[in-house]
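Beneath this line is the structure, given in structure tokens, with notes to follow.
The values are calculated or read from the model by the stated rules, or taken from the named source; none is laboratory data. For clarity, every value in this text was computed on a predicted model and none was experimentally measured. When we count neighbours, we look across all protein chains shown, and the Cβ atoms used for this are built from the backbone with ideal geometry, even at glycine.
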């Protein structure tokens, strides 16, 4: 058995896969903010009791958490110092010349404040040149002075980022030794270990984020492991990464930055798993919760992974699943701007006070209130009946804040809120797909999260998509994604060579060195040799370009030929054409970074299939009630209980399918079928 645990802001989701029977069980418990490990233990106890198992039956646990993400959002990381090369103290402040997207025309917009204030950014005398040779030896006295200063200032963590240390890390390692002598309790992050790549600002930013989060992550993991071992004995715990893979607790202690955004990554991985079950390799995944709408792309069966991105406006140079998030969730607030136009989001009512219909003091109209007014939510079956909703409060909020000011009826105002948030989500999907060179009509939409199935079919219709999948366990799908994720470690080395100067042997030497690091790590984690996979790739660009495209490297085992190099370049031209609609085959190509990804494959999850039933879903119909649809108004609809639907059942819209954690809206003219795995497959 395998246990997946995804700690969210409100709920901790727990999923148990029984590989013997191909059965999945899940549970939700409240997150315990002061000590999240308590919520994890509560969730484990709940699901073990419900399934009649013990921890002895569990092979391993995979854990995802929002601790790092929340620390960045709330700016509650550790007090951190930065040690850098003389003259480079202000790299974090200077950043790049690009302005934030939202501020292209706003002359007052600014980048987020650096996580390390200027008085804690210190310089030491040393210099390594662009060829990796020492130009100025490290002045160890300057390091000691800086370390003593940071100790007096009470820093808990130190980021060390020296110029060209990715080519020669000797000085950084010596700085760490000296700092450990002066401040033995401090956590120290070296850029040559966290982000050994060129681009000074991004490398510094990544190392600083790691240092900023490391003490918090280490304290949490130590507490979690201690409590698990006190209760259950030795437990194999793995931590989810933003790259869509897992790592050991020991690795996570030193690479805290990799834990940020691991939850959304798990959702995309789970979407790709569902796609493999049903035979779809081109997928758009959408996760709509209370605050955000997270969009991922699965291309040719694999989640799209980039070698750089940003967390809360801070750039990072680590592999991460490409997830685009916008402020569109069930709690997104509807409001009228000074020009009299209706807007929805990005502000959210959150969990407290929440939407007006929660009855917890919220007065602002939200997307959830609009869905309730339009009959799309059952006030008696929200969270399976555990939480009551108050339709009258939703009506009052929409009437007072939207309908009357705009001269609309209550239903027109609620419908306007839904259509507008749908338009925002359609735009977000377009940014992640159409603007990246994909034809969204060739993709299947997989929707999950509490609110995703409410809007999925309408989103697909607006985008011209032909199929929507609402998977089972949609409210806990990210936790399922943790369990189908492989062990993953990434290694990189910058070479920055023009194709004219590249030789197969030079590439091979670097790849074999990186590969050996990956094999050593996988063997240390006791990954069987037959489960190991090593993937070679390179970041390529045209001469003079500023950014690269990660390209698969052609090779034959531990051999490379001139033809392999030419084929790799040819693939780069094709990728460039696919993304940007043009390629320049006569332009010289540069090899910037070489990468090796070391994968430890987990056993495949084999789900039990249901016996095929007939097409008639009437046994699952629980009631009929009016539901509002744009252009037609209220229509009498069948309401189905998802738990009672059988494989092979065919459902025609308009109708609703209710489950404990979500509700699926099937629009007029759409048809759905329940497949053998319990997925609701909607065709348009």
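Listed values, structure above:
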| item | result |
| --- | --- |
| Positions within the stretch 517-561 being over 28 Å from residue 199 (Cβ atoms) and touching a helix residue (DSSP H, G or I) at 6+ places or on another chain (Cβ under 6 Å), in sequence order | 532, 561 |
| Residue among 44, 17, 83 that alone is in the same structural domain as residue 206 (by TED's automatic domain parsing), modelled with pLDDT of 85 or more and either under 25 Å from residue 487 (Cα atoms) or not in a loop (DSSP other than H, G, I, E, B) (or both) | 83 |
| Tally of residues being more than 13 Å from the chain's Cα centre (by Cα) and touching a residue at least 12 places away in the same chain (Cβ under 8 Å) across the stretch 258-284 | 12 |
| Pairs where the first residue, in the stretch 608-636, is assigned to a loop (DSSP other than H, G, I, E, B) and the second is surrounded by fewer than 12 Cβ atoms within 10 Å (Cβ to Cβ) and modelled with pLDDT under 95, C-beta under 9 Å, 6+ apart | 608/21 |
| Of all residues in the stretch 86-99 being surrounded by 13 or more Cβ atoms within 10 Å (Cβ to Cβ) and within 26 Å of the chain's Cα centre (by Cα), the one that is modelled with the lowest pLDDT | 99 |
| Residues being surrounded by fewer than 23 Cβ atoms within 10 Å (Cβ to Cβ) and part of a loop (DSSP other than H, G, I, E, B) - total across the stretch 124-154 | 11 |
| Pairs with Cβ under 8 Å, 6+ apart, first in the stretch 126-149 and without any contact (Cβ under 8 Å) to a residue 12 or more places away in the chain, second in a loop (DSSP other than H, G, I, E, B) and surrounded by 13 or more Cβ atoms within 10 Å (Cβ to Cβ) | 135/129; 136/125; 136/126; 137/126 |
| Residues within the stretch 20-34 that are buried (at least 19 other Cβ atoms within 10 Å of the Cβ) and either at positive phi or in a strand (DSSP E or B) (or both), tallied | 5 |
| Selected residue (only one of 609, 551, 520, 597 is over 26 Å from residue 433 (Cα atoms) and modelled with pLDDT of 95 or more) | 520 |
| Test: residue in the stretch 198-215 that is out of contact with any helix residue (DSSP H, G or I) (no Cβ under 9 Å at 6 or more places or on another chain), without any contact (Cβ under 8 Å) to a residue 40 or more places away in the chain and either surrounded by fewer than 20 Cβ atoms within 10 Å (Cβ to Cβ) or more than 30 Å from residue 294 (Cβ to Cβ) (or both) | no |
| One residue from 52, 81 being more than 27 Å from the chain's Cα centre (by Cα) and surrounded by fewer than 22 Cβ atoms within 10 Å (Cβ to Cβ) | 52 |
| Residue among 78, 49 that alone is at pLDDT 90 or above and part of a loop (DSSP other than H, G, I, E, B) | 78 |
| The stretch 57-75 - residue that is in contact (Cβ under 8 Å) with a residue 60 or more places away in the chain and part of a helix (DSSP H, G or I) and, of those, surrounded by the most Cβ atoms within 10 Å (Cβ to Cβ) | 68 |
| Filtered residues of the stretch 329-379 (kept if in a loop (DSSP other than H, G, I, E, B), in contact (Cβ under 8 Å) with a residue 12 or more places away in the chain and at positive phi) | 340, 350, 354, 359, 375 |
| Condition met for residue 407 (farther than 19 Å from residue 631 by Cβ, within 32 Å of the chain's Cα centre (by Cα) and without any contact (Cβ under 8 Å) to a residue 24 or more places away in the chain) | no |
| Residue satisfying all of: in the stretch 643-666; more than 28 Å from the chain's Cα centre (by Cα) and crowded, with 20+ Cβ neighbours inside 10 Å; farthest from residue 14 (Cα to Cα) among these | 653 |
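Residue by residue, here is whether (1) assigned to a helix (DSSP H, G or I); (2) out of contact with any helix residue (DSSP H, G or I) (no Cβ under 6 Å at 6 or more places or on another chain); (3) under 27 Å from residue 579 (Cβ atoms); (4) at pLDDT 90 or above holds:
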site	(1), (2), (3), (4)
227	yes, no, no, yes
234	no, yes, no, yes
244	no, no, yes, yes
264	yes, yes, yes, no
268	yes, yes, yes, yes
271	yes, yes, yes, yes
281	no, yes, yes, yes
291	no, yes, no, no
